[in-house]
Amino acid sequence: MKEFFPFSDKIKNASALALEKTKEQFAEIEKIKEYNQQKILAAFMHNNVCEADFSETTGYGYGDRGREKLDAIYAEAFGAEDAIVRHSFTCGTHTLAIALYGILRPNDTMLCVTGTPYDTIHGVIGLTGEGMGSLKDFGVNYAQVDLDKNGRPDLAAIEKALEIKPKMVYIQRSRGYSLRPSLSVDEIGEIASLVKSKCDAVVMVDNCYGEFVETREPTEVGADIIAGSLIKNAGGALARTGGYIAGRKDLVELCSYRATTPGLGKEVGCTLGENRNMFMGIFNAPIVVSEALKTAVFSAALFEDLGFKVTPASNESRHDIIQALCLETPERLIKFCQGIQSGAPVDSFVVPEPWDMPGYDSKVIMAAGAFIMGSSIELSADAPLREPYAVWMQGGINFPSAKVAVMLAAENLGIK
Ligand SMILES: *Cc1c(COP(=O)(O)O)cnc(C)c1O
């Protein structure tokens, strides 16, 4: 057979070893994939999906049956009462913001119990910026419970904080771009139970990067509302843009009034030509997520073999698709990202460079060669050039291809 990529013996051997080491994890990933795929197939059948559901509506989009069935499929997949899935939700941040503005009212308190939330949510809450119409500008208060020293939710501190009677308890499932562990669905369930035993706060989960990594979703263990992006896990790398909100029917309705207007809610919103991609995307999501997970686990094992600290470790159970690799020097971060880019199906000839990205206090380098701009269910890597000199990578729509990119990145480090 022809060797398309002439890897060094060092990288070939380390990769073979890594594959050997990840057998058990891969078997577990296969099991979860199979279960989730059946769950999605059943949801498609229960909703009588048919060709007509893919056809395009324009203008107001009244009575778009495809749109309504897609909402119902998401609700069923997430074990929720209802959902709203729209290509017009521009990104994860926008979708989360719609849910927050939909549910919170002046003088309410939003209590985040998983430390500082994801960067782009800061402006929504009003931690940064002024006069842009943040929740704070509208009189919504914010409080936070930090994670404990192991990066775990601090249940005792959360219980105490509930005394302020928050309207909403906010949980971020994924590690985002930090080195804290991601939350398991079980852990989210524990927090939700604690909250429900003390008050009637709405439990909201930022579910970005978490969908279909486990067999259950936060809405099945007590979360009242969850939201995420369609160019991450749930869109299965086929949705071209968009987001979803799923959860309690009354809350989804409130979100729909924010998404469109009070009164119109879910009744409007033409789907243009996006339905087919969104249906196919959620249908394929369990498989695509499993490929991304294999890519993450393989990378962890490979870089462990090469002597680096990685988190999560190759044998740890996973709750999101993110893999952090501590490469220790800025030079290695740059080489790694350039290697990942060189193995992309799109823009493989481009050489990424660190740049001063707005909103960051250090230079950042990013690798992404994707069919959909900014899609991070496709293999991508980001590294701020600062301590602890770690790169965060995620995605990979098929493992054989993503594996080559990871091996090219490893090769590019020039480790003897
Ligand atoms: C990606 C992400 C977001 C925001 O999503 P965008 O699509 O980038 O706006 C929010 N929270 C978490 C945990 C994320 O991973």
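Numbers for the structure displayed
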quantity	calculated
Two-decimal ratio, region 38-282, of alpha-carbon radius of gyration to 2.2 N^0.38 Å	0.98
Most to least packed among 168-174, 255-261 [average Cβ atoms within 10 Å]	168-174, 255-261
Pairs of lysines in region 38-282 (C-alpha under 20 Å apart; 8 or more residues apart or interchain)	16
Length added when fully stretched, T116-S8, from 0.36 nm per residue minus Cα-Cα	34.7 nm
Cα→Cβ-extended label distance, 7 Å offset, between L272 and A52, nm	2.5
Dimensionless Rg ratio for region 152-300, taking C-alpha atoms and the 2.2 N^0.38 Å reference	1.14
Contour excess over end-to-end distance, with Cα ends at E68 and D186 and 0.36 nm allotted per residue	39.5 nm
Kirkwood Rh, angstrom, region 260-416 [1 / mean 1/r, Cα pairs]	16.7
Least to most buried among V205, V252 (fewest other Cβ within 10 Å first)	V252, V205
For W355, W392, order by how many other beta-carbon atoms lie within 10 Å, fewest first	W355, W392
Unit charges on C-beta of K, R, D, E only; dipole of the chain, Debye	300
Relative contact order [Cα under 8 Å, 6+ residues apart], region 145-244, whole percent	22
The chain - Rg and Dmax from Cα coordinates, angstrom	21.2, 67
Positive-end residue of A239, V252, S174, charge dipole of region 38-282 with Cβ unit charges	S174
Between region 143-181 and region 384-416, the alpha-carbon center distance in angstrom	30
Unit charges on C-beta of K, R, D, E only; dipole of region 38-282, Debye	240
Antiparallel bridge percentage (DSSP; both residues within the chain; nearest 5)	65
Cross-link table K10/K31; K33/K294; K12/K335; K21/K294, entries beyond 21 Å C-alpha to C-alpha	K10/K31
Ordering of 121-132, 403-414 by packing [mean C-beta count within 10 Å, highest first]	403-414, 121-132
Options A300, A156, S376, ranked by Cα towards positive dipole end of the chain, top entry (Cβ charges)	A300
In nm, spacing of pseudo-spin labels at D347 and T261 (7 Å Cα→C-beta vector)	3.8
Packing rank of 186-198, 137-149, where each peptide gets the mean count of other beta carbons within 10 Å, highest leading	186-198, 137-149
Cα-based Rg / Dmax (Å) for region 288-336	11.0, 32
For region 272-312, diffusion coefficient by Stokes-Einstein and Kirkwood Rh (Cα), 4 °C, 1.567 mPa s, µm²/s	106
Computed over the chain: relative contact order in percent, which uses C-alpha pairs under 8 Å that are six or more apart	19
FRET E, pair L17, N107, Förster distance 41 Å, beta-carbon r, rounded to 0.05	0.10
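Taken together, the values in this text are just the output of simple stated rules run on the coordinates, not laboratory data. Since the structure is predicted, the reported quantities are computational estimates derived from the model, not experimental observations. No Cβ is skipped: glycine too gets one built from the backbone with ideal geometry, and neighbour counts run over all protein chains shown.
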